[in-house]
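Beneath this line is the structure, given in structure tokens, with notes to follow.
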Amino acid sequence: MKRQKIRKALIFILFLLFPVVLYYLSPALIVEGASKGIITGSFIVFSLLFISSLFVGRSYCGWICPGAGLQEACFRISDKRAKGGKFDRIKYFIWVPWMGIIIFSAIRTGGVHTIKPFFQTKYGISVAEPANYPVFYTVIGLITVLSFTAGKRAFCHYGCWMAPFMVIGTKIRNVFKWPSLHLEANKDKCRSCKTCTKNCPMSLEVNRMVQKRSMVNSECILCGTCVDGCPEGAIEYAFSKRI
């Protein structure tokens, strides 16, 4: 469980840094930058998330995301399971129009021609002035309300504008099957205690995945909770080609 303590410490520390990094994760700044022909810090970050997902899936969501720290802190108050399934598609109804606006804005302004990683930040800090507070607290409020009303990591399931980049990257990786980080399960070791399903922060039916001998799920964030919590060691990390 030491690995999980490290993971939780990381996402909590990054949550404390949310006021610094918020605009590097902003969907609005990408649109504003595109309308001015500027590649913003958030555009760079989202591009890197897509590239990283080709090799490490959605590990960012499990190990580095600032919003993850807030959502998992909410587990102490409410550990209601998120419904997931077809409801996971909700985020694409946000993502697709947003991408369309970005493309339209960039075309309308004649393409991008400038790179400004610290666009709209002060000394690289996102929330450096009182005028930025409403945006910060709105994001915090949205994530918190979803956690309490729609279940564990509900924002990851339904509202995250970054997740689709990594989901698409992961699906591409799964098609080409090049060496990458993923989970593997040994059904013969499993005694169906369902500890993995109970503890999964993404409310996935992990035990069912083990029984099917397939750990492929676009909502899996590779946090390793199931790996470290399985008393029989039936699930493990692997960095190799998928069979």
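Please find, in a Gaussian network model of the chain (springs between Cα atoms separated by less than 10 Å), the residue of 58, 153, 89 whose mean-square fluctuation is greatest. Evaluated over the chain, the most mobile residue of the options is 89.
Using a Gaussian network model of the chain in which every pair of alpha carbons under 10 angstrom is joined by a spring, one finds that among 77, 115, 11 the greatest mean-square fluctuation is at 77.
Using a Förster distance of 25 angstrom, determine the FRET efficiency expected from the C-beta separation of residue 136 and residue 48, and round it to 0.05.
After rounding to 0.05, the efficiency reads 0.65.
Mean residue ellipticity at 222 nm, helices only, the chain: -15000 deg cm²/dmol; runs of at least 4 DSSP H residues each add -39,500 (n - 2.57), and the sum is divided by the number of residues.
Between residue 218 and residue 128, the modelled labels are 3.8 nm apart [label points 7 Å from Cα along Cα→Cβ]. Among 129, 72, 32, whose mean-square fluctuation peaks in a Gaussian network model of the chain (Cα, cutoff 10 Å)? Between 129, 72, 32, it is 129 that shows the largest mean-square fluctuation.
Kirkwood Rh, the chain, all Cα pairs: how many Å?
Working: mean 1/r = 0.0528 Å⁻¹.
Across the chain, the inverse of the average 1/r is 18.9 Å.
Report the Rg/Rh value for the range 43-89, based on alpha-carbon coordinates and the Kirkwood definition of Rh. Don't jump to the answer; show the numbers that get you there.
Numbers: Rg = 13.4 Å, Rh = 12.6 Å.
Looking at the range 43-89, the ratio lands at 1.06.
Normalized C-alpha radius of gyration of the range 108-170, against 2.2 N^0.38 Å? Each step should come with its number before you reach the end.
On the way: Rg = 15.9 Å, N = 63, 2.2 N^0.38 = 10.6 Å.
Working it through for the range 108-170, the quotient is 1.50.
Applying a 4.7 Å cutoff between beta carbons, the unpaired cysteines of the chain are 61, 65, 74, 156, 160, 190, 193, 200, 220, 223, 230. Working from label points 7 Å from Cα in the Cα-to-Cβ sense, the residue 90 to residue 115 distance is 3.7 nm.
Read-outs throughout are calculated quantities, based only on the coordinates presented, and are distinct from any laboratory measurement. From a predicted model like this one, the values you see are computed outputs, not experimental measurements. Quick reminder, even Gly has a Cβ in these numbers, built from the backbone with ideal geometry, and neighbours come from all protein chains shown.
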